[in-house]
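Written out below as C-alpha cells is the structure these notes cover.
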Amino acid sequence: MKNKLIQSLLLSLVFFLMYFGYEAYSNAEHTEITGDNGQSIESITADYFKDKNIQWVIPFKEGGGGDTWARFNAPYFTDNIAGNPVILVTNIPGGGSIKGANFFADNVKPDGLMILGTSGTTQMPYLLDDPRVRYDYDNYKPIMAYPTGGVVYTSPTLGIKDASEIKKLLDTPLKYASQGPTSLDIVPMFSFDLLGMDVQAVFGFRGRGAGRLAFERGEVLIDYQTSSAYLKNVVPLVESGEAIPLFSFGALDSNGNLIRDPSFPDLPHFGEVYQELGYDLQGIEWDTWFAFMSAGFGGMKLLLTPKETPDEIVRQLQAGIEKMKLDEKYKKTKVKALGLYEQVTGPAASKIFDLATKVDKEEKEYMKEWLRTKFDLNL
Amino acid sequence: MLELVLQAFQTLFSPEHFPFLMMGVLLGLVIGVFPGLGGIAGLSLLLPFIYGMDEVSALATLVGLVAVIPTSATFTSVLMGIPGSSSSQATVLDGFALAKKGEASRALAAAFTSSLFGGLFGALILTFFVQIARPMILLFGSAELFMLAIFGLSMVGSLSGKSITKGVIACGLGLVVGSIGAAPATGEYRMVFGIDYLYDGIPLVIIALSIFAFPEISELFRKDSAIAEGAKLSKGGWMNGIKDVIKNKWLALRCSGIGTIVGAIPGMGGSVVDWIAYGHVVQSSKDKSKFGKGDIRGVIAPESANNAKEGGALMPTLLFGIPGSGSMAVFLGGMVLIGIEAGPSMVTKNIDLTYTIIWSLAVANVLGAGLSLFLAGPISQLTKIKFSLLAPFMIMVISFAAFQATKDILDLWVLLVFGILGIFMKRFGWSRPAFLIGFVLATQAESYLNMSVQFYSWKMFMRPGVIIISILTLISIYYSRKGAVDENEELIAKGLKKQLKLQPQIIFAAVIACFTILAMWDSLQQSFLGGVFPIIILAAMIPFLIALFYVYLKNKQERPEIFDAEQVAAAGTFKSPWYEPILWIGGLYIVSMIIGFVPSIILFFVFFFTFKAETSWLKTAILTAAGVILLMTFSHFLNLELPKGLI
C-alpha cells in the first residue's frame, strides 16, 4: 500500500514535470506583453503578432450569423495582419450571447490577443440593464464595425401594395413570429407599435429563419429579415408575388443621420413611413426608436478590445483589415458571405460604436416601460 | 433531371474532386468516434482548407464530413454504451447489450450496413423530391409540429418497461427537466435557482451521456470484468450482421423512410428520430421479448433512420436556408463561407450544385460504412479488455465530451448529478429512454403548443395534418401496450422469488417526489403562459406518484413497480460499493477545478491504474502517457477547450 502510494506519487510527479514543462515551453514561444498601458508601447514592434494566436470570442453557436461573420474573416485576418497571427474562433454561446461576452469581460487582457465579436443581440441586454450582464461597452473600444439593415414585409393577402397604404393595415390584427421580447425583435415590434399597428408577438421562435418559415406557411402575415437573409430568401418571394416589402429600418450616414438603406434604395425607411402617418421625427418615442435601431442594426457587428489596449496594437489590426479589404478574393466572396455593407475601421467604426452602445437613460427607461406595459416584462 | 444527376456524378468522381470527398469522410469518421464532438469540431478543422477550394470540392468535403458522423458515432454506442451522437442514443439499448454478449462485431456490422442503406435511401429520396419538396415542407405548421411531438412522446409507451407507472413518471420528469431555463412563450426563467448555467437549460449531450453512459460505466467499474463479460467473441460476426440487415430489409426501408421524413421537417430536430424508429420496431415486431437485451433489430432500426435523416435534413437546409439538424447548421455555415446561398435558387439556377451535394452524400455514406465495416471486427476486440484498464479512458472521454457542451466547469457536475440519477434509475428499473424522450421533446412540445394555440386556437384540431398525426399517435399507443420493452425482464422474474427491502427504492422515489413539489412551487411563481406547461405535466405526474407510493407502502412484492437490481443480482457480482465510481469521478472533477483537467487526468490515471487495476509501474506509465497524449492531441488539433483550474 505504502509502496504503491510512493510509486503513484513519483509517477505523477514525472508526468507533471513533463506536462508543465511542455506548457512553459509553448508559452515561452508566445511571449506575452504585460498589458500595462504605456510602459510596453515601445516593446510593440512591427512584428508583434508574429507567431501569436488571436482568440476571437464569438458568443454564438457554430453555424449562426455571428459565427459565420468571424469564420469568414478569420483567414483573411491571418493573411493580412502583420506577423500573420493565427485566428482562433472560440464559440461560447448561451444566454442570448451574454455568457460569451461575460467570459470575455472576465478573461481579457489589453494585449490584442483576445477579441470579442458582438452583435445587436449582445447590445440589447446591456442597454436594458439585464442583471446577468457583466460586460461594459464603456471599457472597450472598437477595432471594426459592420452595420446591416432589415426589411419589413407583408403578405399580399393583406391587400396593400406598398408602405404608402399602411394606413389600411392599422385596424387589422396581425401576428408576428418573434424570438423573444428582449431580442433584436425589439426594433421591429417597437416600430409596429409606433406606427399604431395592431401586431401581437408570438414568442418561442428559434431564429429569424423559423419566423420566415411561419410567414411562408401563412401563420403570420408580417415579418422582417436582416438584409442578407432578405436578399437571399425573401426577394425570390417578392418576385413571385408572395411577399410585399414595406419599409427598411434605414441606415446611418457618416454623420449618424438616418438615410435610406443603400441596399434597398427604392424602399422607404421607417422614418419616412412614420412621417407620412403624421408623426414628427422627434420626441422621446422617435429618439428611443433611433437609439435602439442604431444599437441593433447600425452596430450589428462590433469587434472589440479593451480600452487600455495600446494604440499600436489596434493600429496594426486595423491596418490589416484595411489591407484585407483590397484583397481580390475577399472582394469577390464578401458580398455573398456577408452582404453589401462595408466592414469599417478607424473613426467610422468609433462613430458606429458610440451610436450603438451609448443610449441615454431617458430612452432606456422609456423602452423598459414600454416592455413592461406591452409584455408585462420587468427588467 | 437524369442528365443533371449523371453530370454531378461525373464531376464528383473526377480526380480533382474525389480526394476532397475522401478527406471529408476520413475526418468525419475520426471525429465521429469521439462522442459529443460532431460536425462542429470537424468544421473548425476543415475551414482553413476550404478557402482554397472550388465550390464542388468544398461542398464534397463538407458533405463527406457531415454524412459519416452518425456512422462512426455507432462505435462508442455499441462498444461502450456511450451515445456517440444525439441521433444514436437508441442504438445503445440493444447495441451495447449485444456487445456484452460478445456479439459486438455483429452489432457493428448490422449498424454500418443499415447506415449505408439509410444514407443511400435518403439520397435517393432527395434526388426525386428536392424539386417539389418546398410546398410539402410548408404543410407542416406549428400545429402539426406539436402533434408530432406528441407522437414522439407516445413512443414512451413501448419503452417504459414493465411498470407503466414508473415509465410515465420518468417521462414527466424528463419533460420537467427539459423545461428548465427560459420559457418559450414569455422568456421568463424557470427553475434556475439563480444559477447562470441553467438559463439555457441543460444540454442534451450531457443528459444523454449521464443517463446512458454513466450508469453503464459505473456498473462495469463495480463488476470489474470485460464488457463482453464471460462471453466468447463470436467469429465471423460481421458477416452475420450484414445478413441480419438483408433479412430485415423491409424494416430498414421503413425506418429509412421515417428518418428521411423526420429529418425533412424543420424544427423536429434529429435527436428524436432514433427513438421514433426504435419505438416503431418494437411496436411492429411480434416477438418483443429480446428488445433491450440484445435484439439486432433494435440496432438496425435507429441506425438506418439516423443516416437517412441527414438526407432529409438537407431539404430544409438547401431550400429554405433553415438547418434541419445540428450538423446541418454547421453545413449551412460552411456553405455561406464558400459563397453559396441556400434558398430557392438551389433548385433553379444552382440545381447542379444541389445534385453534387446529394451525390456526395450517397458516395460518402458508401465510403464511410465500408471503412467502418472493415474496422468492425478488429475494434470489437476492445470488449475483451478488462474493464479496469478501459475505465479511465472512458471516464476521460465522457468528461471531455460533456465539457464541450458549454465549456463550463458545471458541465462536469451536471454530468455527475444526472449520472447518479441514471445509476438509480437503472438500479430500480425506471425507464431511461422514457426520461430521455421527455427531455428531448419538452421544448418542442411546449413552444409549438403555445404557437398553435395563438395561431389557430381550437381550430388546430380541424387541420388534416393534425388529424392524421393524431390517428398515428393513437395507433402507436394501442400497439405500445401490447408488450413493452424492459431491459430487466429476467431480473424481474428472479426478483419475484425474493422479498426485496423497499427502503432504498422509497428513498429514491421520495427524492423524485420532492423534486416534483419543488418544480411545482417554482412553476406557480411564473406568469400563466410561462408556467402552464410544467404545471400540467407535474399535475399529471401526481396520481402516478401516489399509485407508486401505494404499491411501496402496501409492500405489493408481485407488482412490477418494485424492483432493485442490486438486491436481485447474484452475490459477488459487484466487487465494490455503489458510491465508489461516483467518488472516483467526483474526485477527478474536484481536483480539475483546482489544478485543471490535464494534470488531474494524470493523477486519475496513475492512481486508478496503480490501485484499482494494479498494473505494473511501466504499464501505468504507458497507459497514462497514451491517455494524456490522446487528450492533448485532440484538443490541440480541434482547438477545443479543457477545464482550467484555479491555479
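The values are calculated or read from the model by the stated rules, or taken from the named source; none is laboratory data. Keep in mind that this is a model prediction, so the values were computed, not measured. Counting neighbours? That spans all protein chains shown, and the Cβs are built from the backbone with ideal geometry, glycine included. Areas reflect the complete protein model, heavy atoms only, side chains present, ligands, DNA and RNA absent. Shrake-Rupley method; radii C 1.70, N 1.55, O 1.52, S 1.80 Å.
Some values worked out for this structure:
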| read-out | value |
| --- | --- |
| So residue B:321, is it within 14 Å of chain A (Cβ to nearest Cβ), at positive phi and not aliphatic (A, V, I, L, M) | yes |
| Cross-chain or 6+ apart pairs with Cβ under 8 Å, segment B:285-303 first and within 14 Å of residue B:78 (Cβ to Cβ), then among the acidic types (Asp, Glu) and assigned to a loop (DSSP other than H, G, I, E, B) | B:294/B:103 |
| Extreme residue, least open to solvent (accessible area, probe 1.4 Å), among residues of segment B:55-74 that are more than 12 Å from chain A (Cβ to nearest Cβ) and more than 25 Å from residue B:34 (Cα to Cα) | B:57 |
| Cross-chain or 6+ apart pairs with Cβ under 6 Å, segment B:211-239 first and more than 16 Å from residue B:573 (Cα to Cα) and surrounded by 20 or more Cβ atoms within 10 Å (Cβ to Cβ), then modelled with pLDDT of 85 or more and among the basic types (Lys, Arg) | B:211/B:432; B:237/B:106 |
| Condition met for residue B:276 (away from chain A (no Cβ under 12 Å), of a type in the set (A, V, I, L, M) and touching a residue at least 12 places away in the same chain (Cβ under 8 Å)) | yes |
| Test: residue in segment A:248-263 that is open to solvent by 20 Å² or more (accessible area, probe 1.4 Å), closer than 30 Å to residue B:316 by Cβ and out of contact with any helix residue (DSSP H, G or I) (no Cβ under 7 Å at 6 or more places or on another chain) | no |
| Tally, over segment A:142-162, of residues that are more than 20 Å from residue A:340 (Cα to Cα) and open to solvent by less than 10 Å² (accessible area, probe 1.4 Å) | 2 |
| Single unsatisfied condition, residue B:406 versus (1) buried (at least 24 other Cβ atoms within 10 Å of the Cβ); (2) within 14 Å of chain A (Cβ to nearest Cβ) | (1) |
| Hits in segment A:79-103 - residues which are open to solvent by less than 20 Å² (accessible area, probe 1.4 Å), away from chain B (no Cβ under 13 Å) and out of contact with any Lys or Arg (no Cβ under 7 Å at 6 or more places or on another chain) | A:81 |
| Near pairs, Cβ below 7 angstrom, 6+ apart or cross-chain, from segment B:363-391 (in contact (Cβ under 8 Å) with a residue 24 or more places away in the chain) to any residue that is of a type in the set (Gly, Ala, Ser) and surrounded by fewer than 18 Cβ atoms within 10 Å (Cβ to Cβ) | B:387/B:225 |
| Qualifying residue in segment A:58-77 (condition: more than 26 Å from residue B:37 (Cα to Cα) and more than 14 Å from the chain's Cα centre (by Cα)) | yes |
| Subset of segment B:596-647 (residues that are in a loop (DSSP other than H, G, I, E, B), at the interface with chain A (Cβ under 10 Å from one of its Cβ atoms) and touching a Pro at 6+ places or on another chain (Cβ under 8 Å)) | B:596 |
| Residue within segment B:569-584 that is surrounded by 15 or more Cβ atoms within 10 Å (Cβ to Cβ), closer than 20 Å to residue B:218 by Cα, touching a Ser or Thr at 6+ places or on another chain (Cβ under 6 Å) and without any contact (Cβ under 8 Å) to a residue 24 or more places away in the chain present | no |
| Looking only at segment A:226-245, and only at residues there that are under 27 Å from the mean Cα position of the chain (by Cα) and of a type in the set (Gly, Ala, Ser), the one that is farthest from residue A:209 (Cα to Cα) | A:243 |
| Residue match in segment B:429-436 (condition: in a helix (DSSP H, G or I) and within 14 Å of another protein chain (Cβ to nearest Cβ)) | no |
| Helices (runs of 4 or more DSSP H) wholly inside segment A:312-379 containing at least 3 residues that are assigned by TED's automatic domain parsing to the domain that holds residue A:71, among the basic types (Lys, Arg) and farther than 27 Å from residue A:182 by Cα | A:328-338 |
| Out of B:457, B:372, sole residue that is open to solvent by less than 10 Å² (accessible area, probe 1.4 Å), in a helix (DSSP H, G or I) and of a type in the set (Ser, Thr, Tyr) | B:372 |
| Out of A:122, A:172, sole residue that is open to solvent by less than 10 Å² (accessible area, probe 1.4 Å) and β-branched (Val, Ile, Thr) | A:122 |
| Tally, over segment A:117-130, of residues that are away from every other protein chain (no Cβ under 13 Å) and not in a helix (DSSP H, G or I) | 4 |
| Residues of segment B:337-355 that turn out to be within 10 Å of chain A (Cβ to nearest Cβ) and in a helix (DSSP H, G or I), as a count | 3 |
| Residue within segment B:468-481 that is closer than 30 Å to residue B:557 by Cβ and either modelled with pLDDT of 90 or more or assigned to a loop (DSSP other than H, G, I, E, B) (or both) present | yes |
| Residue in segment A:109-116 that is within 13 Å of chain B (Cβ to nearest Cβ) and surrounded by fewer than 20 Cβ atoms within 10 Å (Cβ to Cβ) present | no |
| Positions within segment A:125-141 being open to solvent by less than 20 Å² (accessible area, probe 1.4 Å) and free of Cβ contacts under 8 Å to residues at least 40 places away in the same chain, in sequence order | A:135 |
| Selection status of residue B:421, open to solvent by 20 Å² or more (accessible area, probe 1.4 Å), out of contact with any Gly (no Cβ under 6 Å at 6 or more places or on another chain) and more than 23 Å from residue B:614 (Cα to Cα) | yes |
| Hits in segment A:332-357 - residues which are in contact with a strand residue (DSSP E or B) (Cβ under 6 Å, 6 or more places away or on another chain) and not hydroxyl-bearing (Ser, Thr, Tyr) | A:343, A:344, A:349, A:352, A:353 |
| Members of segment B:263-287 that are open to solvent by less than 30 Å² (accessible area, probe 1.4 Å), outside any helix (DSSP H, G or I) and on the phi < 0 side of the Ramachandran plot | B:265, B:266, B:268, B:285 |
| Boolean, residue A:196 is open to solvent by 10 Å² or more (accessible area, probe 1.4 Å) and either hydrophobic (A, V, I, L, M, F, W, C) or facing chain B (nearest Cβ under 9 Å) (or both) | no |
| Top-ranked residue of segment B:324-336 - restricted to ones that are assigned to a helix (DSSP H, G or I), more than 7 Å from every other protein chain (Cβ to nearest Cβ) and under 22 Å from the mean Cα position of the chain (by Cα), ranked as surrounded by the most Cβ atoms within 10 Å (Cβ to Cβ) | B:327 |
